[in-house]
Amino acid sequence: MSKPDKKLLTIPEANQILQKLDVEKADQIQKRTLDYTTKFSKAQADAAKKLRRELETEAGLSEEEAVELVNIAPKSIEELRTFTSGWRKLLSTETLEKILKILHSKS
């Protein structure tokens, strides 16, 4: 039996998918996930997709890194460094500033 395909989603993208569910027929996990994604979405799904693409192409981030940053939406270089410090690459201040500019372009 083959494994199902996995796709990385931002919280707003997951919320958009879950919004299409019939809540009456949804199981408990789906309902809780919908509640979580509704509360913690920091952008609209279309904006999140755009931000993700921009972070990947303009800032050279991987898909995983871009999804993480769209979900967290850091607001300062210091906050951004906290999250990127665990990655296996060091980002220059110039790149961090570019990332923040992209993330703030949604507002």
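The set of residues in region 13-29 that are touching a residue at least 12 places away in the same chain (Cβ under 8 Å) and surrounded by fewer than 14 Cβ atoms within 10 Å (Cβ to Cβ) contains only Gln19. Against the condition in contact with a Lys or Arg (Cβ under 6 Å, 6 or more places away or on another chain) and either assigned to a helix (DSSP H, G or I) or not hydroxyl-bearing (Ser, Thr, Tyr) (or both), how does Val70 come out, does it pass? Answer is yes for this residue. Annotation note: of Thr33, Thr10, Thr37, the sole residue that is without any contact (Cβ under 8 Å) to a residue 24 or more places away in the chain, surrounded by 11 or more Cβ atoms within 10 Å (Cβ to Cβ) and either out of contact with any Leu (no Cβ under 8 Å at 6 or more places or on another chain) or not basic (Lys, Arg) (or both) is Thr33.
Just wondering, is there one or more residues in region 50-62 that are farther than 20 Å from Leu80 by Cα, touching a residue at least 12 places away in the same chain (Cβ under 8 Å) and not acidic (Asp, Glu)? For region 50-62, residues farther than 20 Å from Leu80 by Cα, touching a residue at least 12 places away in the same chain (Cβ under 8 Å) and not acidic (Asp, Glu): absent.
Residues that are over 12 Å from Ala59 (Cα atoms), surrounded by fewer than 17 Cβ atoms within 10 Å (Cβ to Cβ) and in contact (Cβ under 8 Å) with a residue 12 or more places away in the chain within region 77-103 comprise Ile77, Arg81, Phe83, Trp87, listed in sequence order. Which of the numbered conditions does Gln44 fail, given that it passes all the others? Conditions: (1) surrounded by fewer than 16 Cβ atoms within 10 Å (Cβ to Cβ); (2) closer than 12 Å to Ile102 by Cα. Of everything listed in (1) surrounded by fewer than 16 Cβ atoms within 10 Å (Cβ to Cβ); (2) closer than 12 Å to Ile102 by Cα, Gln44 misses just condition (2).
Only the coordinates and a few stated rules stand behind these numbers; no lab work does. Keep in mind that this is a model prediction, so the values were computed, not measured. All Cβ positions, glycine included, derive from the backbone under ideal geometry; neighbour counts span all protein chains shown.
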